[in-house]
Structures are given as structure tokens and as C-alpha cells.
Amino acid sequence: MAEGIVRRFEEGLLERLEAVPALRTVRSYAGELAEAIEEIQSEALPAAFTLYAAAAIDRPDADTRRRRVQWVVLLAARNLRTEAEARNDALDLVEAITGALDGVRLPDATASPAEVTDHLLVGAFGGGLLVYQVNLEAVHEEDRSGD
């Protein structure tokens with residue numbers, strides 16, 4: 001069940017990100033964050049990568065299972081002009097991604113709308129490459145009374 005939720009949610013994220021005109025690459029990523037930085041540099045930029053981060057499960061009562069699903073979107077952008085211009089361009093893309101993802105729902109609407117919780121600079125790398133991390137989460141609630 002959990003794998004289906006993750007897959008459906010990621011499909012929704014990717015669909016929303018593909019609608020952001022400035023992004024040249026949009027895809028999922030399942031590796032380690034340190035490896036992602038190396039891989040990002042070979043992609044057409046600006047780029048966005050979705051990563052499944054975690055799920056916290058609780059059971060408020062015997063018939064309900066609540067899963068708080070957390071996602072990360074890595075945004076990579078390059079600007080060879082000034083550092084300030086590179087940062088401003090990247091932050092404009094962070095805002096575009098936030099606007100595209102805040103409120104996204106699973107296709108079957110079994111989860112609360114996603115909420116972008118924060119974003120942070122992962123790092124500034126050679127050649128004007130900036131990588132930001134946008135964090136979001138949604139809550140999926142299952143009725144288990146029929147189990």
C-alpha cells in the first residue's frame with residue numbers, strides 16, 4: 001500500500017513540476033544527496049529532482065492509520081553572472097516551484113493537500129551552480145475498520 005501512495009504522489013509532483021516553464025529537466029531521484037550534486041551538473045539546467053524523504057506513521061485509534069509523507073525537491077540552477085544574480089534567479093525558481101507544489105493532491109484525493117514547509121540552500125558549487133532544497137509534506141489517512 002505504501003509504495004502505491006509514494007508512486008502516485010510522486011507522479012503528481014512531477015506533473016506539477018513539468019508545468020513550470022523555466023525548468024529544463026524534471027525527474028525523480030533515488031540516490032544519496034551527495035551523489036545527486038555530481039549528477040545534477042550533467043543535466044540541462046535549471047532542473048528539479050523529486051526525492052522521497054520519509055514517512056511517519058501513527059494510529060490515532062484502532063481503525064485509522066495516518067501517514068505523514070515527506071518529500072524533497074532539489075532545484076539546481078546555474079548563472080555565470082554575479083553571485084547575487086545567481087541567487088536571485090534561483091530564488092525566483094524556488095518561488096515558482098513552491099507555487100506549483102503547495103496544495104498538490106494525490107490523484108485519488110486520499111491525502112491532505114501538500115504543504116511546502118521550508119526551503120534552504122544546499123550549496124553553491126563551482127561554475128555558478130546553486131542547489132536549493134524545497135521540503136513538503138502531506139498526510140494520508142487510511143480507514144482500517146474493514147481489515
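The values are calculated or read from the model by the stated rules, or taken from the named source; none is laboratory data. Everything numeric here is computed off the predicted structure, so don't read it as measured data. Because the Cβ atoms are built from the backbone with ideal geometry, glycine has one as well, and the counts that use them run over all protein chains shown.
Yes or no: Arg66 in contact with a Pro (Cβ under 9 Å, 6 or more places away or on another chain) and in a loop (DSSP other than H, G, I, E, B)? Spelling it out, it is not the case that Arg66 is in contact with a Pro (Cβ under 9 Å, 6 or more places away or on another chain) and in a loop (DSSP other than H, G, I, E, B). Any residue at all in segment 29-41 that's crowded, with 16+ Cβ neighbours inside 10 Å, among the hydrophobic types (A, V, I, L, M, F, W, C) and over 30 Å from Gly127 (Cβ atoms)? Checking segment 29-41: not a single residue is crowded, with 16+ Cβ neighbours inside 10 Å, among the hydrophobic types (A, V, I, L, M, F, W, C) and over 30 Å from Gly127 (Cβ atoms). Residues of segment 53-91 that are basic (Lys, Arg) and either under 23 Å from Val134 (Cβ atoms) or touching a His at 6+ places or on another chain (Cβ under 7 Å) (or both): Arg67, Arg68, Arg78, Arg87. The listed residues are Ala77, Ala54, and the only one of them that is at pLDDT 85 or above and farther than 23 Å from Phe125 by Cα turns out to be Ala54.
Does segment 56-97 hold any residues that are exposed (fewer than 12 other Cβ atoms within 10 Å of the Cβ) and in contact with a Leu (Cβ under 8 Å, 6 or more places away or on another chain), and which are they? None - no residue of segment 56-97 is exposed (fewer than 12 other Cβ atoms within 10 Å of the Cβ) and in contact with a Leu (Cβ under 8 Å, 6 or more places away or on another chain), so the list stays empty. Filtered by the rule that a residue be at pLDDT 80 or above, farther than 21 Å from Arg68 by Cα and in a loop (DSSP other than H, G, I, E, B), segment 20-51 gives Val20, Pro21, Ala22, Leu23, Arg24, Gln41, Ser42, Glu43, Ala44, Leu45, Pro46.
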